[in-house]
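Before any comments, here is the structure.
The numbers here are math on the coordinates, done by the rules we state, and not lab data. As the structure is a computational prediction, the values presented were derived from the model and not from experiment. Ideal geometry is used to build each Cβ from the backbone, glycine not excepted, and the neighbour counts take in all protein chains shown.
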Amino acid sequence: MVLEKINGPNDIKKIPLADFPILAHEIRDFLIESVSETGGHLASNLGAVELTMALHNVLDFPEDKLIWDVGHQSYTHKILTGRKDRFDTLRQEGGLAGFPKRCESSCDSFDTGHSSNSVSAGLGYVKARDLLHKSYRVVSVIGDGALTGGMAYEALNNAALLETNFIIVLNDNNMSISRNVGGMSGYLGVIRTAETYTGLKMGVTKTLNKVPYVGEKVVESVRRGKSSIKQLFIPGMLFENMGLTYLGPVDGHNMRQMMRAFNEAKKVKGAVLVHVVTEKGHGYEPARLHPDRFHGTGPFDIRTGEQKEKKKYPQYTDVFSKAMAELGEKYDNLCAVTAAMPEGTGLKRFAHLYPDRFFDVGIAEEHAVTFAAGMALGGMIPVVAVYSSFLQRGIDQIIHDVCMQNLHVIFALDRAGIVGADGETHHGCFDITYLSMIPNMTVMAPSNCSELVQMLELACKLDGPCAIRYPKGPANKRASFSPVEYGRCEVVCEGERVAVVALGSRVKVCLEAAERLKEEGICPTVVNARFAKPIDTDLIKKLAETHDAVITVEEGVLQGGFGSMVAAYLDSERIDTRIVNMAFPDRFITHGKSENLLRECGLSSYDVEEKIRECWTDR
């Protein structure tokens with residue numbers, strides 16, 4: 001096997017070019033085999049095999065810097081830099097991360113996981129290189145989906161001023177997670193169908209000059225006009241007009257073409273964009289036909305492409321999806337907004353039923369928030385469905401454009417809390433804090449299916465902004481004892497001495513802990529907070545006055561979180577009772593199984609049980 005010869009950085013340079021197609025085939029087989037066991041991002045990696053091989057053939061690692069946008073297409077890069085033997089640990093605790101990590105290899109130049117930032121990071125590297133008089137190459141890879149993010153254009157605008165080499169590779173597969181939308185997608189579609197020219201800028205001019213009588217006049221006429229000759233014939237003029245040199249489009253599965261283009265790009269004194277057209281899922285038919293399903297997949301059967309572990313219970317995303325479809329019929333001014341994730345956020349059903357009221361803005365969370373603000377002012381009720389960690393990108397817009405104007409925008413925060421294998425960049429740890437700090441914002445967290453539906457209904461009736469955070473995974477089917485009432489908790493079980501006030505997903509584990517403690521004669525009060533903001537001050541005060549200790553439990557960071565707000569309130573009221581806050585520690589949480597990560601963070605039912613027992617006996 002050719003792949004067996006790859007054991008460290010730059011080993012690919014020892015492989016004859018004639019064997020590159022064999023190596024590409026073996027890498028694809030290896031990726032399919034590995035990801036079928038561990039799960040991971042498959043379609044994007046299958047599409048970037050030859051692209052990665054070509055880059056590794058023209059760069060030297062770890063001296064040269066290769067920066068991946070998002071990084072979910074970096075598996076081949078990991079293989080080619082000596083991590084092949086660890087792929088059975090991919091996205092497992094203590095194993096390989098699903099994204100580039102500098103702590104994992106000196107060949108990983110930048111930790112990534114979110115979109116549209118690779119050009120900015122690469123430009124920073126270029127400036128540092130030049131200031132320190134170094135000579136390494138810098139290459140930033142960015143997908144066409146990531147070009148819907150405004151940060152990419154801010155960086156391209158700056159990169160146009162460079163007078164030293166910086167290579168930007170546009171990996172164009174017409175997809176982000178879902179199919180791309182918007183003007184940039186349409187523009188790149190035109191380029192994809194354009195004929196590729198070699199030296200066209202000079203070639204067209206020379207050809208026209210040879211035409212008797214009229215040729216020279218045409219050339220001169222165009223030169224005098226606002227457009228140059230290249231604008232008539234050369235694809236990629238948007239980038240050229242920004243001040244970037246454009247090369248392409250190049251077949252992303254033809255390594256000789258790419259290596260020729262990359263070697264040409266190395267000669268450019270400035271920023272150069274190499275447009276590479278790839279196919280997501282290339283080489284594996286199920287992933288090619290269903291790239292969205294194989295963007296992030298669990299373990300699957302290679303022969304059929306079917307998931308090995310079927311979802312036995314409705315997920316919170318499924319409950320949200322059904323509720324949105326029903327509310328869309330009830331409220332004809334309800335609309336839905338997603339940032340390139342109609343499937344992941346559960347909005348595909350709403351989009352099918354109410355296509356005129358569904359908006360996919362691409363990977364552009366900041367725009368999504370302000371776009372929703374404008375719709376709210378126009379009389380609509382926009383629901384922005386987004387993963388918790390991705391909404392972090394729109395904090396400024398939430399503050400200035402939504403909350404400052406007290407607009408009726410609903411934020412549906414999927415994947416709030418621990419998400420598992422995707423790790424630090426995807427855990428929704430901070431939303432309680434960053435949303436609760438903003439005036440006019442309401443923050444809710446359901447503990448079961450029914451509450452999620454009720455909270456969506458309540459959100460539709462509110463006048464101002466609100467957020468509903470819910471976790472990844474199966475929805476709890478526990479029946480509520482009382483309907484959701486604005487700003488009010490639910491007392492799930494009456495007890496004594498110790499009161500446990502849990503938010504959202506942690507209600508279930510607190511009830512499990514309380515049930516086990518009954519055998520020891522320990523009977524705590526368990527309360528479902530429902531609201532992180534506003535907190536139910538009446539009930540909190542009553543609990544503190546009638547119990548020896550109040551324990552708060554949440555799947556979010558401690559600083560500025562729900563427990564901190566409860567403690568601050570009780571302190572302001574000068575109520576002297578013991579307060580214990582259980583939340584995430586002050587560190588970034590790595591990847592692994594969600595239940596194990598929550599145990600490591602001290603938020604499992606056994607951790608709650610121990611804390612109740614401690615407070616019960618420590619009088």
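Note that segment 101-146 carries a Kirkwood radius of 11.7 Å, evaluated over its alpha carbons pair by pair.
Phi-derived couplings, Karplus 6.51 cos²θ - 1.76 cosθ + 1.60 at θ = phi - 60°, listed residue by residue for segment 298-306: x, x, 9, 7, 4, 5, 9, x, 7 Hz, with x used for Gly and Pro. Note that segment 525-542 has calculated 3J(HN,Hα) couplings of 7, 10, 10, 8, 5, 6, 10, 7, 8, x, 7, 7, 5, 5, 6, 4, 4, 4 Hz, one per residue in order, obtained from phi through the Karplus relation 6.51 cos²θ - 1.76 cosθ + 1.60 (θ = phi - 60°); glycine and proline are x. For n ≥ 4 DSSP H runs only, could you compute -39500 (n - 2.57) per run for the chain, divide by its residues and tell me the 222 nm figure to the nearest 500? After summing the helix terms and dividing by the residues of the chain, the value is -10500 deg cm²/dmol. Positive-end ranking of 580, 275, 369 along the dipole of the chain, with charges on Cβ about the Cα centre, is headed by 275. Given a Förster distance of 45 Å, report the FRET efficiency between residue 302 and residue 586 from their Cβ-Cβ distance, rounded to the nearest 0.05. According to the calculation, E is roughly 0.60.
Along the axis of the charge dipole computed for the chain (Cβ charges of +1 for Lys and Arg, -1 for Asp and Glu, origin at the Cα centre), the listed residues 114, 455, 601 are led at the positive end by 114. Hydrodynamic estimate: the Kirkwood radius of segment 316-469 over Cα pairs, inserted into Stokes-Einstein at 4 °C and 1.567 mPa s, corresponds to D of 86 µm²/s. Under 5 Å between amide hydrogens, built in the peptide plane, is the criterion, and for residue 556 it picks out 584 among residues at least 5 positions away or on other chains.
Put simply, the convex hull of the Cα atoms in segment 301-359 casts, on average, a shadow of 5.1 nm². Pairs from the table (330/533; 65/308; 101/611; 101/267; 508/533; 101/280) lying more than 31 angstrom apart at Cα are 65/308; 101/611. Applying 1/(1 + (r/R0)^6) with R0 = 30 Å to the Cβ-Cβ distance of residue 482 and residue 311 gives a FRET efficiency near 0.55. Taken about its Cα centre, the chain carries a charge dipole of roughly 2060 debye when the Cβ of each Lys and Arg holds +1 and the Cβ of each Asp and Glu holds -1. In this calculation the C-beta distance from residue 161 to residue 519 is compared with R0 = 56 Å, giving a FRET efficiency of 0.20. Fraction of C-alpha pairs exceeding 49 angstrom in the chain: 20 percent, rounded to a whole number. The alpha carbons of segment 490-617 give a radius of gyration and a Dmax of 13.8, 41 Å, in that order. The 3J(HN,Hα) values that the Karplus relation (6.51, -1.76, 1.60; θ = phi - 60°) gives for segment 342-351 are, in residue order, x, 6, x, 8, x, 8, 4, 5, 4, 4 Hz. Gly and Pro appear as x.
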